[in-house]
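Everything below concerns the one structure shown next.
The values are calculated or read from the model by the stated rules, or taken from the named source; none is laboratory data. Since the structure is predicted, the reported quantities are computational estimates derived from the model, not experimental observations. FYI the Cβ positions are ideal-geometry reconstructions off the backbone, even for glycines, and counts take in every protein chain you see.
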Amino acid sequence: MSLLEIRDLEVSFNTPDGVVRAVRGLSFDLDRGKTLAIVGESGSGKSVSTQSLTGLSRGAHVTGSATFDGIDLLTADEHQLRGIRGARIGMIFQDPLSSLHPYYRVGWQIVEMIRAHDRSVSKRAARDRAAQLLSMVGIPHAKDRIGDFPHQFSGGMRQRVMIAMAMSVEPDLLIADEPTTALDVTVQAQVLAVMRKLQDEMGTAIILITHDLGVVAEMSDEIVVMYAGQVMERASRRDLFYRHHHPYTEGLLASLPAQGGKGTRLSPIKGTPPSSINPPDRCPFAPRCPYAFDKCWRENPLPRVVFGDPSHQSACWLSTDEATRREERARMVASKLSAEEPA
Amino acid sequence: MIRFLIRRILLGILVLWLITMAVFGLFFVAPNNVARTMAGRQATPQTVELIRERLGLDQPVWKQYLDFIWKALHGNLGYDYYYQLPVTHIMAQALPITLSLALGASVIWLIIGVTNGVLSAVYPRSFIDRGLTAFALFFYSFPSFLLGLVLLYFIYYKLTLSGLRWFPPGGYAPLSQGPGQWALHMILPWLTLALVLAATYTRLTRSSMLDVLGEDYVRTARSKGLSERRVVLRHGLRSALTPVVTQFGIDLGQLIGGVVVTETVFSLPGLGKTVIDAITRQDLPVIVGIVIFASAAVVTANILVDVAYALLDPRVRLH
Ligand SMILES: Nc1ncnc2c1ncn2[C@@H]1O[C@H](COP(=O)(O)OP(=O)(O)O)[C@@H](O)[C@H]1O
Ligand code: SF4
Ligand SMILES: [Mg+2]
């Protein structure tokens, strides 16, 4: 049995403008010690899908099932969830400055976390542990810095503090929601390395949320690509980078600097994601998809197995046969090139 | 921080000085016939002139002013025109009454306002929120003299008529007569003052708390598995209180200078009622004394608010 099993997760919000369908049918499994990445543009439902698991999405209407180590998270009561939050599922967020309480010393915030889940730990022991954790995540002079406030740390250091806090009670699962997005490029890799180090030491499973495929390439075993609340493609890291099926994945990869082709020119996907209020019954990516054909506008494709590999799924009407799909791609590239020729 | 404080204190002194000039100026610019009034209807011009001399009103204004400042710097605010009592003495008698009123009421309005505000924010748009909002708006739009009269009518007059002589009609009982008597005399004035202000504090706490509960660090607190109570109070309210404390300092500073309406309705001889009486009698030394004290209270409160702000928010403190 996997540590976390998500089946057909749907999350919606009632708003004055109508029902926002933030997540539509998300399924995946995650084993202990493994890393699953959720990738997608902003607004695609990455945060909502993970925060609704532990009841942090207020006002969300959640259906489907989410089983964590045998516990059904979606039917668990508040008391049960509180024991899971922090203790068994830790979380870190995009902006470490706003995610730490500005009025409390970082040591205090870590001690609070440790003692919330184990009252038998003395304040003193918790403080020592906090200092030890801070030095584990690479904060110099951790013992002295425990009494500092969050604003006295740099962005990368703050995110290390968040990691230290989230990992302080050795959770089975760490949900890292865009942990490096707000950081300087130079410190992004360091923060990821710290996460991986603690993961190795504690055997933690990680859900890594990002819109940056570069981050994914660093440290994920499996990848879920989301668009407009739906899963577009789900594959191992290898398959996603080298044998992807979905046109949206293709677009994301084409916008990566390293794959820019001629020179450094990037080609981000044109257009904007659709509104998730009352989505029509069609492929959500159709308005931006270079491959779109009539069926795409009539029916919303469900994820299905592609290339004969059960661990690789794609929600797209294009051929599931690898050779045929490759031919389609070649034709597309050729027609794009000829369209650009006169210019 | 220290330099900032020194600057604020110097500025406060400047403001106080300007206020003494303004009060003096206003008093002498406006037609004043205090000597006439004191001398009585039948008095001869000689008598009036004598009184003017005795009060020092025959001196040029600038001389009176310098004289006043010089004495004030030595802790002497002069003597009232009518009974020749030291103004400091008059104020010392009135101050405990105003303090009783302001501090007692502040406890009530803080408890009601903050509790209601937190409840409203934790259950936004709920029945509780709507009920408390209606409660707040009702008292918010109630003039305090009217509220005072309504309380007097129902709680004093009606009760007393039906034989329940629980509350006195007004007046003040010093603490030396026992805390019971004191509180009994203060309870209607407290409510009059506190209910109106509680409304303001409910709105203020609610909006501040709603902002804070949407903050990322509150989400972090929840994600740590803390109890909702701890999330709301330790993490939410702790930040949401900052604007409340600021407002509280300013309000309290103003009230300590005298609570004119409530003191008048309940015949409490505090600073507010004293200054109103002094104004009707054109008793300049008393007016100036109380106005200076009230201004000093406001100025001090504002400085204390800044200090409190720095103590509350480490980001301010450490800069
Ligand atoms: N509390 C909420 N009420 C209404 N809509 C929400 C709420 N939270 C998120 N959404 C909507 O859900 C969608 C997905 O949001 P989110 O999961 O934050 O995206 P991502 O993390 O992928 O950027 C967005 O369209 C967002 O507007
Ligand atoms: S289903 Fe059609 S529109 Fe959607 S991604 Fe596939 S080809 Fe493009
Ligand atoms: Mg997000």
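Some observations on this one:
- Count - residues of the range A:96-115 that are at the interface with chain B (Cβ under 9 Å from one of its Cβ atoms), farther than 20 Å from A:Lys46 by Cα and at pLDDT 95 or above: 9
- The lone exception for A:Gly138 - which of (1) more than 13 Å from every other protein chain (Cβ to nearest Cβ); (2) without any contact (Cβ under 8 Å) to a residue 12 or more places away in the chain; (3) part of a loop (DSSP other than H, G, I, E, B) it fails: (2)
- Spans of helices (runs of 4 or more DSSP H) in the range B:130-227 with at least 3 residues closer than 27 Å to B:Val259 by Cα: B:144-151, B:179-213
- Within the range B:278-319, the residues that satisfy the criterion of being surrounded by fewer than 18 Cβ atoms within 10 Å (Cβ to Cβ), within 14 Å of chain A (Cβ to nearest Cβ) and in a helix (DSSP H, G or I) are B:Ala308, B:Tyr309, B:Ala310, B:Leu311, B:Leu312, B:Arg315, B:Val316, B:Arg317.
- Yes/no for B:Val232 being closer than 18 Å to A:Met113 by Cβ, in a helix (DSSP H, G or I), modelled with pLDDT of 95 or more and more than 11 Å from chain A (Cβ to nearest Cβ): yes
- In the set (1) buried (at least 24 other Cβ atoms within 10 Å of the Cβ); (2) of a type in the set (S, T, N, Q); (3) at pLDDT 95 or above, the condition left unmet by B:Ser207 is number (1).
- Selection of strands (runs of 3 or more DSSP E) fully inside the range A:35-95 by the criterion of at least 2 residues being more than 14 Å from chain B (Cβ to nearest Cβ) returns A:35-39, A:60-68.
- Scan the range A:324-337 for residues that are closer than 20 Å to A:Arg237 by Cα and either free of Cβ contacts under 8 Å to residues at least 24 places away in the same chain or loosely packed, with under 14 Cβ neighbours inside 10 Å (or both) and the total you get is 1.
- A:Ser168 falls short on exactly one of the conditions (1) surrounded by 18 or more Cβ atoms within 10 Å (Cβ to Cβ); (2) of a type in the set (Ser, Thr, Tyr); (3) under 13 Å from the mean Cα position of the chain (by Cα); (4) within 14 Å of chain B (Cβ to nearest Cβ), and that condition is (3).
Yes/no matrix, rows are residues, columns are (1) buried (at least 23 other Cβ atoms within 10 Å of the Cβ); (2) out of contact with any strand residue (DSSP E or B) (no Cβ under 9 Å at 6 or more places or on another chain); (3) in contact (Cβ under 8 Å) with a residue 60 or more places away in the chain:
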| residue | (1), (2), (3) |
| --- | --- |
| A:Val187 | no, yes, no |
| A:Val191 | yes, yes, no |
| A:Met195 | yes, no, no |
| A:Val231 | yes, no, yes |
| A:Arg238 | no, yes, no |
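- Check on A:Ile269, modelled with pLDDT under 95, within 16 Å of ligand 2 (Cβ to nearest atom) and more than 14 Å from every other protein chain (Cβ to nearest Cβ): yes
- Residue within the range B:56-68 that is under 30 Å from B:Val231 (Cβ atoms), surrounded by fewer than 13 Cβ atoms within 10 Å (Cβ to Cβ) and of a type in the set (Phe, Trp, Tyr) present: no
- The lone criterion from (1) free of Cβ contacts under 8 Å to residues at least 40 places away in the same chain; (2) under 18 Å from the mean Cα position of the chain (by Cα); (3) more than 27 Å from A:Gln188 (Cβ to Cβ) left unmet by A:Glu5 is number (1).
Residues are listed down the side, and each one gets a yes or a no for (1) within 16 Å of ligand 3 (Cβ to nearest atom); (2) out of contact with any Lys or Arg (no Cβ under 7 Å at 6 or more places or on another chain); (3) under 23 Å from A:His117 (Cβ atoms):
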| residue | (1), (2), (3) |
| --- | --- |
| A:His141 | no, yes, no |
| A:Asp144 | no, yes, no |
| A:Asp148 | no, no, no |
| A:His151 | no, no, no |
| A:Arg158 | no, yes, yes |
| A:Asp172 | no, no, yes |
| A:Gln188 | no, yes, no |
| A:Val194 | no, no, yes |
| A:Met202 | no, yes, yes |
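Each row is one residue, and each column tells you yes or no for (1) surrounded by fewer than 20 Cβ atoms within 10 Å (Cβ to Cβ); (2) at positive phi.
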position: A:Arg7; (1), (2): yes, no
position: A:Ala22; (1), (2): no, no
position: A:Leu30; (1), (2): no, no
position: A:Ser42; (1), (2): yes, no
position: A:Ser47; (1), (2): no, no
position: A:Arg58; (1), (2): yes, no
position: A:Gly70; (1), (2): yes, yes
position: A:Thr75; (1), (2): yes, no
position: A:His79; (1), (2): yes, no
